[in-house]
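Novice: Take a look at the following structure, please.
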Amino acid sequence: MIDQYVESASTFSGDIDNVIWVVLLITGFWFILAEVVFFGLIFKFLAKPGVKAKYVSGEKPHEKRWVTLPHYATLAFDVVIIVLAIKVWHDVKINLPEADSTVRIISQQWAWTFVHPGPDNKLDTPDDITTVDELHVETDKTYHFELSSRDVLHSFSVPVFRLKQDMIPGRIIKGWFKPTQTGQYDIQCTEICGIGHALMPARIIIETPAQHRIWNQNNAPKVADVTPTTTPTQLGGMP
Amino acid sequence: MIRPIATTREMTGMPTGRLAVWWLIASEIVIFGGVLGSYLMHRIGHKEWAAASAHTNTWAGAFNTLVLLTSSLSAVLAHNAALRKDGKRAAKLLWFTILGGGIFLVVKSIEWTGEIKAGYTITANNFWSFYYTAAGLHGLHVIAGMIVMMFVAADAAKGKELQRVENAGLYWHFVDLVWIFLFPLLYIAK
Amino acid sequence: MSTAAAHAEHDHAHGHAHHDEGFIKKYLWSTDHKIIAMQYLFTGIFMAFIGGFTVYAFRMQLAFPGMSVPGYGRVTATDYNALVTTHGSVMIFWVAMPVLIAALGNYLIPLMIGCDDMVFPRLNRLSYQLFLLSSIVLIASFYVPGGAFGGAWTSYPPLSAKAEYSLTGLGSSMWLFAVALEFAAFLLGGINFITTVMNSRAPGMKMFDVPIVVWMIIIASILFMASVGPLIAGAVMLLFDQQLGTGFFDPAKGGDPVLWQHLFWFFGHPEVYVVLLPAMGIVAEIITVFSRKKLFAYKTVLYTAIGTGVLSFFVWAHHQFIAGIDPRMANVFSVTTLLISIPVAEMVFVYIGTLYGGSIRLTTPMLWALAFIAEFLLGGVTGIFLGASGADIYFHDTYFVIAHFHYTFFPIAFIGSFAAITYWFPKMFGKMMNETWGKVHFWGTIIPFNAIFIPLFLLGARGDHRRIYDYRHFPDLMKAGMQDLRVFATLALLVLLAFQVVFLVNLFYSIFRGEKASANPWNANTLEWQAPSPPPHGNFPQGLPNVYRGPYEYSHPDRQDDYWPQTEPDAAKS
Amino acid sequence: MSDTAHAPASTDAAHGHDAHAHPDSFYIRIWGILLVMLVISVAGPELAHRVVSNETVAFVIVLFTAFGIAIVKAYMVVKNFMHIGVEKKYVGYLLIAMLVLMGLMIGGVGPDVLRHEGHRWVNQAAKDYKLPGDTGHHGDAHGEAKH
């Protein structure tokens, strides 16, 4: 359902769409049922002259049934939703599959810095590629990301991946994604971060492995003019 | 103001004033619980705070505990006197309690002056921030309790509103209780 | 002091109010619970204007970015943040809380339990004065250097803690101070409500004879009292961070910003139920009266309300699923969050069950009450998407969340309040409200309300994230149709705001020129309808009532009348 | 506590809540016990810091003498000065409920704030944090390990 509007570009985006879809079916069913019963009762029992209302306390078991049965049904459907939701949550947020590559993502008021591992695929080496507001990844490769923030809370959100994680100054938060299709999409900051909150767009550029290799080679800094990269510990202990 | 009839009823069998003080204490538990809970989590997480807490003056804290315990005693004795309808004695004991609160604040201010002079201000580090915030919040309650007791004592001396002696006392015991926990948390654990 | 003498005194004072007491003493310095209720009500309505004006300004900016909004001017990014922050805080803390809890609690509790005032009338006055002061501080924060606070109503540090990040050093502190004052006011009010109901019920009124709305306000007050403490503590800590430079929430100084989020939501989630429960209570009163039915399963309603209250303390971190908490904790909170759907759903089922076999009269208050159930259902079910941790990864901080909580809060704060005002209006002012204009206002509010927020669900599903003053920087959010939805929602908002004029005119016209109301125009059972309309100081001139039965004995088979007032002795059974 | 202490209760049975009346001497005795406990709660940790060399043992002594005794002291004040025993039952439950809520809060917040490392996150700032001007004598050295 979501993928009609927002493309589905990671391995788990389809799963999250499915959870949303199942929840929509279940809650939609109950919502429509409850509203139909509700409006049905209103129209059926509109005041008619000479007709007195029934006297029902609702305390007797055969009356209470009308509440207890839906109650158990709610519980049963809740269990279904919980199982599905936690399964996906586990997959996205708790599981950490082996990484093919790691990127470091640093936010600040109001810009993104992305540190790519460069051609040697290792961070903290001279050929790391640092970009601003542009993240380059390739398809079918598992990425780990390390989030950190220089000042206030930010949130790293890639709608096409259905991925979102807040960034907290002082902390390094890890996660993963695996793109499945090429394209250029929005990266949003989804936690209010001051007056420039709306001015913090970035793009994720998903390339084929071949394109990505070319990008890596074209942009890797020459070893001679390297400046030391920021290490996570320096970030964390920043005054 | 004409006193409404509502104020004179006690369906629960407990006078309204005392009932309200219990609810007040319940709401204060969560306020102090918020500060002390936050402190506790940081304190356990940061072993290095032990170095900061080593500079607190245990003897001042212990003396203040003694003062508050004693003032609690005189508050409960005042309640006892009020039960015997002895308003004069109740008022006298309440003034003794207020005096205890006063001594507590004087000791506190001498202690804080020394600490601030030594450079341990509220911004020195988070231990001291919590120290001043928690003890300061408690100090405000001491002051509030003293003011309330002044009014209660003035009435009690004339033999009026004797039930308020117990209510003020209950609140004072709670202030004492908070200090009983603040003392080991801020002073002893090093 | 004898009761009769007291009442003679009251009546005297009432009859010559203008000579004896003067305006200030009677309306501004009064300890009468009804006057204090009116003070809360009208302050709440006034604050709703501020809330409404802010939403007008920022929705206009979203629909027509960069335009000069008529009556406001150009909305800058700073303005936008301040406007959304003010809108959120005002609508929850200065509209929903004072109207639903303070105004209705003050007005209804003594009348419905059959006593002449609160047990602490002067405390009650102090509570309102603190509240008024908090409103003034909040409004004043717009006029200080740097302007009003713009860090969202959740006020997450470090943005809220440091002036160099928020650029509103004084504004942030004033916002925080106003909120803390407001909490103090409601703590005092809450203690007053609880002790009044515990100690001063009319003779014969047992626990299960207390009307549901009173129960709900009491449960809400207890929830508020038990949850707000840590946030008061947190507010003091944050204020010190702002003004003294301590580092409670500053990672560089060994503090932790996540702590604030926990302290905030530990209060923030129960707060949802603090305002929901009174609205639920109002609806229970109205649907029983206008369907002439006994409330279906009184005790079940009560137990589900208590169950909701208890559970509400176990769910707070679902606001923080992706906020950097340990992901394993999310599993626990996801389970508890979905479990809370059970008591809430059950309460709605009970209300629907009450309609069965009724004799339903679609008066204005009944329309509002029914609309509450119909609309709140949608707010409830969309909450499941957000409580399900897996789905929340996508929906968190999008317009889906906004639409969801407006489908809960709008029914609570506005539909519930309109229901209450239209229902108790004859009692409050001794006049009837105009039904026709009431219905015009009803449809003029309900239809645009849905037209505003259904588009927002769609926008959220398409990835619109919150608190963005201009989407033109995000190419994926400017796809075909998206701006149209934003414009549509804004136009619907304008219609909704315009129709509130109908309400105001009806309200004030009816207060002064309305048809005179009898003591019990709706033929209701509860005690407030046994007092004259409007009740004099002291409420019950015939002496405080005795209570013989529960509040919902409508259409009892043994009786000719389809209602059976709580005060009528059994001997009158015909 | 003693038989005589309860003697006034029977004469005053008409007023339910006055049943907790004790002679003044009773309260003075309680106060004496509280003072003894105060001395222990100061002396215990002092001793633990100065005499005991084993850190775990010292920690346990501090835990019991400082915090264990604080709880006993609090219990004695609540029971004997605030008369919770003869108060309506729900008052006790109310206060306990508030304490449980605080336990719940710490339980829910602890995993994020008390600990500095969790599943897929590290609170690097807290780990590296050193008191300003502190030589690091008391703190443990895990912060430096990363460099």
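Every read-out reported here was derived from the displayed coordinates using simple, explicitly stated rules and does not represent laboratory data. The structure presented is a predicted model; accordingly, all values stated were derived computationally and were not measured. Heads up, the Cβs are rebuilt from the backbone with ideal geometry, glycines too, and the neighbour counts pull from every protein chain shown.
Novice: Check cross-link reach from C:Lys25 to the lysines: straight Cα distance under 17 Å, and skip same-chain residues fewer than eight apart.
Specialist: C:Lys34
Novice: Short version: ³J(HN,Hα) in whole Hz for each residue of segment C:399-410, in order, from phi by Karplus 6.51 cos²θ - 1.76 cosθ + 1.60 (θ = phi - 60°), x for Gly and Pro, what are they?
Specialist: 5, 4, 4, 4, 4, 4, 7, 6, 6, 9, 6, 5
Novice: Oh, and also: Which of B:Arg164, B:Arg84, B:Arg18 ends up with the largest GNM mean-square fluctuation for chain B, with Cα atoms connected below 10 Å?
Specialist: So, out of B:Arg164, B:Arg84, B:Arg18, the one fluctuating most is B:Arg84.
Novice: With the cut-off at 22 Å, tell me which of the pairs C:Lys206/D:Lys79; A:Lys64/C:Lys293; B:Lys88/D:Lys73; B:Lys88/B:Lys160 have Cα atoms farther apart than that.
Specialist: Checking Cα-Cα distances, C:Lys206/D:Lys79; B:Lys88/D:Lys73 exceed 22 Å.
Novice: For the protein assembly as shown, rounded, prolate or oblate, judged on the Cα gyration tensor with a ≥ b ≥ c (square roots of eigenvalues), a/c < 1.5 rounded, else prolate if a/b > b/c?
Specialist: Cα axes put the protein assembly as shown in the oblate bin.
Novice: Shifting gears a bit: Determine the shape class of segment A:101-236: with a ≥ b ≥ c the square roots of the Cα gyration tensor eigenvalues, call it rounded for a/c under 1.5, and otherwise prolate if a/b is greater than b/c, oblate otherwise.
Specialist: Note, shape of segment A:101-236 comes out oblate.
Novice: Between C:Ala163 and B:Ile110, how high is the FRET efficiency from 1/(1 + (r/R0)^6) when r is the Cβ-Cβ distance and R₀ = 35 Å? Nearest 0.05.
Specialist: After rounding to 0.05, the efficiency reads 0.55.
Novice: In nm, to one decimal, how far is the modelled label at A:Arg150 from the one at D:Tyr90, with both set 7 Å along Cα→Cβ?
Specialist: 5.8
Novice: Could you list the residues of segment B:69-84 with an amide nitrogen less than 17 Å from a label point located 7 Å from the Cα of B:Leu99 in the Cα-to-C-beta direction?
Specialist: Zone members listed by number: B:69-79.
Novice: Take the alpha carbon atoms of segment B:1-49, find their center, do the same for segment B:101-139, and report the distance between the two centers in whole angstrom.
Specialist: Each part's Cα centre sits 24 Å from the other's.
Novice: Taking the alpha-carbon distance from C:Lys253 and a cut-off under 30 Å, which lysines remain once sequence neighbours fewer than 8 residues away in the same chain are dropped?
Specialist: Candidates past the 8-residue exclusion: A:Lys93, A:Lys164, A:Lys174, B:Lys47, B:Lys108, B:Lys117, B:Lys190, C:Lys162, D:Lys127, D:Lys130, D:Lys146.
Novice: Dipole of the protein assembly as shown, Cα-centred, from +1 at each Lys and Arg C-beta and -1 at each Asp and Glu C-beta, to the nearest 20 debye?
Specialist: 2360
Novice: For helix C:341-355, what angle does its Cα long axis make with the longest principal axis of chain C, in degrees from 0 to 90 and rounded to 10?
Specialist: Roughly 40 degrees, rounded to the nearest 10.
Novice: Right, something else. Any idea what angle helix C:33-63 forms with the longest principal axis of chain C, computed on alpha-carbon atoms, 0 to 90 degrees, nearest 10?
Specialist: Tilt of helix C:33-63: around 30 degrees.
Novice: With +1 assigned to the C-beta of every Lys and Arg and -1 to the C-beta of every Asp and Glu, and no other charges, what is the dipole magnitude of chain C about the Cα centre in debye, to the nearest 20?
Specialist: 540
Novice: What FRET efficiency do you get for A:Phe39 and C:Arg472 if R0 is 56 Å and r is their Cβ-Cβ distance, rounded to the nearest 0.05?
Specialist: E(calc), rounded to 0.05, equals 0.85.
Novice: Where is the GNM fluctuation largest for chain A (alpha-carbon springs, 10 angstrom cutoff): A:His212, A:His62, A:His197?
Specialist: Maximum among the listed residues: A:His62.
Novice: Using +1 at the C-beta of Lys and Arg and -1 at the C-beta of Asp and Glu, which of A:Gly14, A:Phe39, A:Met1 has the Cα lying farthest in the positive direction of the dipole of segment A:1-73?
Specialist: After comparing all options, I get A:Phe39.
Novice: At 7 Å along the Cα-to-beta-carbon direction for both A:Glu134 and D:Leu35, put a label point, then send me their distance in nm to one decimal.
Specialist: 7.9
Novice: Mind checking which of A:Pro70, A:Pro126, A:Pro201 has the largest fluctuation in a GNM of chain A, springs on alpha carbons under 10 Å?
Specialist: Of A:Pro70, A:Pro126, A:Pro201, the most mobile in the Gaussian network model is A:Pro70.
Novice: Let me have the 222 nm mean residue ellipticity of chain C computed from DSSP H runs of 4+ only, each contributing -39500 (n - 2.57), with the sum over all residues rounded to the nearest 500.
Specialist: On the way: 19 runs with 350 residues, N = 574.
Roughly -20500 deg cm²/dmol at 222 nm, from the helical runs in chain C.
Novice: Give the angle, between 0 and 90 degrees and rounded to the nearest 10, that separates the Cα long axis of helix C:435-461 from the longest principal axis of the Cα atoms of chain C.
Specialist: Helix C:435-461 and the main axis of chain C meet at about 30 degrees.
Novice: For an R0 of 25 angstrom, estimate the FRET efficiency from the Cβ-Cβ distance between C:Gln243 and C:Ala140 and round to the nearest 0.05.
Specialist: For C:Gln243 and C:Ala140, the calculated efficiency is 0.90.
Novice: Under a plain spin-label model, where a point goes 7 Å from the Cα along Cα-to-Cβ, how far apart in nm are B:Gln163 and C:Asn331?
Specialist: 5.4
Novice: Counting only the backbone N, which residues of segment A:135-178 are under 20 Å from the spot 7 Å out from the Cα of A:Arg213 toward its beta-carbon?
Specialist: So the set is A:136-143.
Novice: So what's the gap between the Cα centers of segment C:498-531 and segment D:34-57, to the nearest angstrom?
Specialist: Here the answer is 70 Å between Cα centres.
Novice: Is segment A:2-94 best put as rounded, prolate or oblate by its Cα gyration tensor, with a ≥ b ≥ c the root eigenvalues, rounded for a/c under 1.5, and otherwise prolate when a/b is larger than b/c, oblate when not?
Specialist: Cα axes put segment A:2-94 in the oblate bin.
Novice: For a quick check of your reading of the filter: which trypsin sites (Lys or Arg not before Pro) in segment A:37-86 sit in a DSSP loop and have no more than 10 other Cβ atoms within 10 Å?
Specialist: Hits after loop and neighbour filter: nothing returned.
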